[in-house]
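The values are calculated or read from the model by the stated rules, or taken from the named source; none is laboratory data. The structure displayed is predicted, hence computed values, not measured ones. Neighbour counts are summed over all protein chains in view; Cβ atoms, including those assigned to glycine, are modelled from backbone coordinates with ideal geometry.
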Amino acid sequence: MLSVNPCLTPGEVERILKATSKEIPNPQSTFGQIIGGGNLNTYQAVLAAMNYEGADKLEVGPGEHVVINGEVKKYSSISILTGGRLDIVNESKIIVDGSNHGDYKNGRIVVQRGAKLVVQNSLLTNPPSATCSNERWEGIRVHGNIDKEQPDMYNSSGSLDINTPLFPDEAGVVILLGGTTIENAVNAVATTVPGYPWSDQVDRWGGLVIADGVTFRNNFRAAEFSRYPRRFSGNTFKNKSLFRACLKI
């Protein structure tokens, strides 16, 4: 399978093997209590690998809290909608396919207003390869509210509280913690939000990014920030984004 499609992740290989397996008639009589047994159909698995169309999209909806824990996953895009939260932790590896990033839909992680992304001790990448997509992925895009103060993610004792609740019209929040690496992106993390009419883009400036102990490797830019708050609005609040003990290589 990997000889005909070396870009397959372990999860994709497993999915194809299961989808192309042949059912065993009456598995109970042959294998006792084993239920749902099947024979591998290696020929069909290789054909399926040749024609495999690639990564799925991940969408985290309102009220959902999705945790990717110690897994290798491949996606064409990830969207965290208002009220949703995605945690990527414990040496997970997330491959974001960069081959279609130009359509403003694929090849990126989007964190909408009132949504949250937490990454700790994990890798976000689109690894370069002579046989796989060699394009940079678009990176993380976090939406804000240019006319509203960003949420305070620190408690009264000054400690970061990743469980701070967010209101739907507040800035989306990206929290990148120790051991995390973001590599091979155009903009590893950005508060610019292309793909909307210009006035809507400006309204969404002001996403909140907190990065502590993060490595930014082989990105065109480590971070790209837009103006916040709105010019001449009279608002005096400051951008609460923070980068501490980070490394750019």
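Side notes on the structure shown:
- Whichever residue in the range 169-198 is surrounded by 12 or more Cβ atoms within 10 Å (Cβ to Cβ) and charged (D, E, K, R) and, among such residues, is nearest to the chain's Cα centre (by Cα): GLU183
- Matching residues in the range 2-26 - criterion: being under 29 Å from the mean Cα position of the chain (by Cα), of a type outside the set (S, T, N, Q) and more than 18 Å from GLU71 (Cα to Cα): LEU2, VAL4, PRO6, LEU17, LYS18, ALA19
- Residue within the range 161-168 that is buried (at least 19 other Cβ atoms within 10 Å of the Cβ), closer than 14 Å to PHE225 by Cα and not small (Gly, Ala, Ser) present: no
- Within the range 156-170, the set of residues being within 19 Å of VAL67 (Cα to Cα) and polar (S, T, N, Q) comprises ASN163, THR164.
- Selection count where residues are over 19 Å from GLN201 (Cα atoms), surrounded by fewer than 14 Cβ atoms within 10 Å (Cβ to Cβ) and either charged (D, E, K, R) or outside the structural domain of ALA188 (by TED's automatic domain parsing) (or both), scope the range 215-239: 1
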